[in-house]
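So the structure is just underneath, and the comments pick up after that.
Taken together, the values in this text are just the output of simple stated rules run on the coordinates, not laboratory data. All values reported here derive from a predicted model rather than from experimental measurement. Virtual Cβ from ideal backbone geometry, glycine too; neighbours counted across all protein chains shown.
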Amino acid sequence: MPFLYSILFPNEDIERFVTALKDRGEAAPDADSVVEQTKATVGSLTRAIQIGAYFEMGLGFHLSGTHATEHTHRSQAIYVARFQKLPKPMLLSVTLYVNNEGEKAYGLSEVAPLTVVRGYGVPIALFAASLFLARRRNPPGATA
């Protein structure tokens with residue numbers, strides 16, 4: 001469901017970040033250093049196809065009681081990405097962290113293919129097993 005939501009309602013900050021990696025737009029001021037470091041290391045992004053998304057909300061408490069609670073929001077998009085200086089495509093995670101004061105931080109990391117397979121494989125396998133068991137329980141032509 002998060003993947004479908006991310007396709008229908010993409011995160012504008014992550015989209016802007018990816019567009020800046022492709023040299024097709026300006027990065028946000030808080031993302032500029034990450035974009036420039038990435039381009040210097042692996043070149044510009046030549047192709048990106050989104051294949052996954054993840055969203056998380058968090059709440060932090062300071063045990064000393066001197067600070068207010070801290071709300072954090074993490075949005076993550078996973079892409080099959082190709083960079084100019086890399087010979088093969090890779091799975092790339094673009095993560096945006098936002099706190100309750102509106103401060104933003106961006107992160108880029110390579111994703112292990114097994115993580116994506118596990119993320120999609122387990123729900124698909126469970127769905128297939130439930131279909132199999134449902135068909136087995138009510139054979140065609142049987143009356144209930």
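List the aspartates and glutamates whose Cα lies under 17 Å from the Cα of K88, skipping any in the same chain that are fewer than 8 positions away.
Within reach: E110.
Applying 1/(1 + (r/R0)^6) with R0 = 35 Å to the Cβ-Cβ distance of H62 and I124, what FRET efficiency is obtained, to the nearest 0.05?
Working: r = 41 Å, r/R0 = 1.18.
Rounded to the nearest 0.05, the efficiency is 0.25.
Calculated from DSSP H runs of 4 or more alone, at -39500 (n - 2.57) each and per residue, what is the 222 nm mean residue ellipticity of the chain, nearest 500?
On the way: 4 runs with 53 residues, N = 144.
Helices in the chain give a 222 nm mean residue ellipticity of -11500 deg cm²/dmol.
Between L4 and L133, how high is the FRET efficiency from 1/(1 + (r/R0)^6) when r is the Cβ-Cβ distance and R₀ = 35 Å? Nearest 0.05. Could you put the intermediate results ahead of the total?
On the way: r = 26 Å, r/R0 = 0.73.
According to the calculation, E is roughly 0.85.
Give the peptides 48-61, 9-22 in descending order of average Cβ contacts within 10 Å, highest first.
Numbers: 48-61: 13.7, 9-22: 17.6.
Most protected by this proxy first, the peptides run 9-22, 48-61.
What is the distance in Å between the Cα centres of the stretch 93-132 and the stretch 7-56?
With the stretch 93-132 and the stretch 7-56 each reduced to a Cα centre, they are spaced 17 Å.
Quick one: Debye curve from the alpha-carbon atoms of the stretch 37-91 only, equal weights, vacuum; give me log10 I(q)/I(0) at q = 0.21, 0.29 Å⁻¹ to two decimals.
Values returned for q = 0.21, 0.29 Å⁻¹ are -0.79, -1.07.
Could you give the length gained by full extension between A112 and D30, i.e. 0.36 nm per residue of separation minus their alpha carbon distance, to one decimal place? Before the final figure, lay out the partial values.
Values: separation 82, 0.36 × 82 = 29.52 nm, distance 2.67 nm.
Length difference between fully extended and current span is 26.8 nm.
If you wrap a convex hull around the Cα atoms of the stretch 45-138, how much volume per residue is inside, in Å³?
On the way: hull volume 16.5 nm³, N = 94.
In the stretch 45-138, the Cα hull volume divided by residue count equals 175 Å³.
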